[in-house]
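Participant: Next up is a structure, given as structure tokens.
The values are calculated or read from the model by the stated rules, or taken from the named source; none is laboratory data. In this text, all values refer to a predicted model and were calculated from it rather than measured experimentally. Methodologically, a virtual Cβ is constructed for each residue, glycine included, from the backbone with ideal geometry; neighbour enumeration extends over all protein chains shown. To get the accessible areas, we keep the full protein, side chains included, count just its heavy atoms, and leave off ligands, DNA and RNA. Shrake-Rupley method; radii C 1.70, N 1.55, O 1.52, S 1.80 Å.
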Amino acid sequence: MLTLYGTELHSHLLLGTAQYPSPAILLDAIKASGTGVVTVSLRRETAGGSSGERFWSLIRSSGVRVLPNTAGCHSAKEAVLTAQMARDLFATDWIKLEVIGNHDTLQPDVFALVEAAGILSNEGFKVFPYTTDDLVVAGRLIDAGCEVLMPWCAPIGSAQGPLNLHALRSLRGHFPEVPLIVDAGLGRPSHAATVMELGFDAILLNTAVAKAGDPVAMAGAFAKATEAGYAAFRAGMLEPRDVAVPSTPVIGKAVFG
Amino acid sequence: MAVLVKGAGVAGLAVAHELMVRGIEVTVVDPAPGGLRAASWYAGGMLAPYCERESAEQAVVELGRGAADWWEEALPGSVTRNGTLVLAPARDHKELDRFGARTSGFEMIDEGEIAALEPDLSGRFRKGLHFPSEAHLDPRHALVVLAAKLAACGVCFETDLSAPSDFDWTIECVGRATQDENIRGVRGEMLLLRTPDVALSRPIRLIHPRFPVYIVPRAGQTFMVGATMIESDATGPITARSMMELLNAAYSLHPAFGEAEIVETGTGIRPAYADNLPRVVRNGNAISINGLFRHGFLLAPAMARQAADMIFDERNKAQ
């Protein structure tokens, strides 16, 4: 069970809705992933007000919860405005807060992020900040009112998988009670299993599914890997050892050769 | 037998032509003559079924394979069969592998082969994919010439037909203007550049992980640069962001585009079903062709044939 701002969800996977070959494939991928939450980008899809309505109603027909995001915003002010528009458009106070600081790496501008998170939390938004794996920034975001954190594990869309396991472990260790969702940088199901085995609460995917050869099959594969990692963490894994340990004791065996 | 075709975009004109050559009396009605309101006026005109497979389903390849031949037969001399070149900047070479893994009908080529195909791109790209069997045409020229040919062959063009009567069949090819609620609009923005400093012989697709773009050479040293894909049917002018992205892509293909004149910018609304695949739907004596999405010139011939076959099958049954 995953609890985000009091909402209970069965799946530990969140799915982005951009870049699929067609809305029909997107809907099938949502189903195959078992997700309860999809993110939607406000900026690019709605040039001209209510005009993306057909696309929205297709997404709404999936029955899952919508988490609007502020993708493409480059300042706190822009992100706050986008969040306010999203609240009206989607009738939700959930907002995935993205403030891009570097156009090339799409790295978050953590200073503007903390600023915008504070403003939006005060306005009653439930903020899901897309942040780096920096521990101090994570603390500031929680101080600013965030009850969920979404650290990257590699740049958006890079498919590199977790680049800094130490930082991810450190986040988990320092914020044991805060839902942590790895957002951005996952490329393959084993990456999802790896971060879930670290004790993360969920993952968010987009490109790795949307741009796969078969997005629907890939959504299913990620769902299995995510749940496997989640279950493994709770089951308690062995730590690696340097020497072999026989699973059957040698001494006391009835017959030696 | 008399058939009314509603819509003079690429789908309407293609089906009118298909029926005309089969000896049917055809009337085309469109409030905006010359295809001026049609999405196809803003099309790239690439007849590139293999490249399209990168983001489209296999059906698009199958339906689009015969398109270049159809256009060449309908409008001799209109089709350029120089293939397609897919390029990526050095840091995105892995994206070329991804493109190649999803498509077929190409050869991987190196710097020297790229220079041999497009001398002006010599030294700018180290690796590319060449799809030699693909083709392109100038969509505006094709629409105008096709309409002229149809008119010369006795097809009647009307701008207003408030009380259509005496037609045995009606074929609706109105794109986004349909009443069909399953059709959505997908906005595409494009621009036309003119520069004497670059010469290209074939459409170039430039891969970028965040924004795929194509540049299609046209007569008079002009180049069509397109096209964005935005889930919206807003018809307003191109946004600054889209323009910037398209220009950036052109500039990264060749710096001389930085000095090009911006001759035109445009916005078209592509009609699409939820699966982004086209449909020919029959309801009694009314047929609809819609959902050609970003593949208008590529898929219109196959859709036109299907619609014409429906009419002829029915006639054969009746006889």
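Participant: Counting only heavy atoms of the protein chains, get the accessible area per residue of the protein assembly as shown (1.4 Å probe) and round it to a whole Å² value.
Facilitator: 43 Å²
Participant: Restricting attention to the range B:127-217, which chymotrypsin sites (Phe, Trp or Tyr not before Pro) occupy a DSSP loop and are surrounded by at most 12 other Cβ atoms within 10 Å?
Facilitator: For chymotrypsin sites (Phe, Trp or Tyr not before Pro) across the range B:127-217 that sit outside H, G, I, E and B with at most 12 neighbouring Cβ atoms in 10 Å, the list is empty.
Participant: Between residue B:252 and residue A:175, what is the label-to-label distance in nm when each label sits 7 Å out along the Cα-to-Cβ direction?
Facilitator: Distance between label points: 3.2 nm.
Participant: Subtract the Cα-Cα distance of residue B:261 and residue B:116 from 0.36 nm times their separation in residues, and report this length gain in nm to one decimal.
Facilitator: 49.5 nm
Participant: Would you mind putting B:37-46, A:9-18, B:15-24 in packing order, based on average other-beta-carbon counts within 10 Å, highest first? Each step should come with its number before you reach the end.
Facilitator: Values: B:37-46: 25.1, A:9-18: 22.0, B:15-24: 20.3.
Peptide ranking by packing, descending: B:37-46, A:9-18, B:15-24.
Participant: Which value at 222 nm does chain A reach when only helices count, each DSSP H run of 4 or more adding -39,500 (n - 2.57), with the total divided by all residues and rounded to the nearest 500 deg cm²/dmol?
Facilitator: It comes out at -12000 deg cm²/dmol, rounded to the nearest 500.
Participant: Something else about it: If the limit is 23 Å between Cα atoms, which of B:149/B:317; A:211/B:127; A:126/A:224; A:31/A:224; A:224/B:94 go over it?
Facilitator: Those over the limit are B:149/B:317; A:126/A:224; A:224/B:94.
Participant: Ok, one more. If each of residue A:3 and residue A:74 carries a label point 7 Å out from its Cα toward its Cβ, how far apart are those two points in nm?
Facilitator: Taking the two extended label points, one gets 4.1 nm.
Participant: Starting from the 7 Å offset along Cα-to-Cβ, what nm value, one decimal, do you get for the label separation of residue B:165 and residue A:214?
Facilitator: In this crude label model, residue B:165 to residue A:214 measures out at 5.7 nm.
Participant: Can you list which of the GluC sites (Glu not before Pro) found in the range B:136-202 are DSSP loop residues with at most 16 other C-beta atoms within 10 Å?
Facilitator: B:181
Participant: Just tell me the longest site-free run in chain A, where the sites are GluC sites (Glu not before Pro) in a DSSP loop having at most 16 other beta-carbon atoms within 10 Å.
Facilitator: The answer is A:1-122.
Participant: Another question about this same structure. Can you list residues from other chains, or at least 5 along the same chain, whose modelled amide H is less than 5 Å from the amide H of residue A:36?
Facilitator: The list, which skips near neighbours in sequence, is A:11, A:13.
Participant: Next question. Taking 50 Å² as the minimum loss, tell me which residues in the range B:172-191 lose that much accessible area going from the chain by itself to the full protein complex (1.4 Å probe).
Facilitator: The answer is B:184 - residues whose exposure falls by at least 50 Å² when every protein chain is included.
Participant: Here's something else I'd like to know. I'd like the mean, over residues of B:226-238, of how many other protein chain beta carbons sit within 10 Å of each residue's own Cβ.
Facilitator: For peptide B:226-238, the averaged partner shielding equals 5.
Participant: Between residue B:69 and residue B:1, what FRET efficiency comes out of the Förster formula 1/(1 + (r/R0)^6) with R0 = 30 Å and r the beta carbon distance, rounded to 0.05?
Facilitator: 0.70
Participant: May I pose another question? If I compute solvent accessible area with a 1.4 Å probe over the protein chains, what percent of it on the range B:124-209 is carbon and sulfur?
Facilitator: Carbon plus sulfur share of accessible area: 48 percent.
Participant: Give the interface area between chains A and B as buried accessible surface, both sides summed, probe 1.4 Å, in Å² to the nearest 100.
Facilitator: 2000 Å²
Participant: Helix B:296-318 against the longest principal axis of chain B: what's the angle in degrees, Cα atoms only, rounded to the nearest 10?
Facilitator: 20 degrees
Participant: Grab the DSSP H runs of chain B that are 4 residues or longer, score each as -39,500 (n - 2.57), total them, divide by all residues and round the 222 nm result to the nearest 500 deg cm²/dmol.
Facilitator: -9500 deg cm²/dmol
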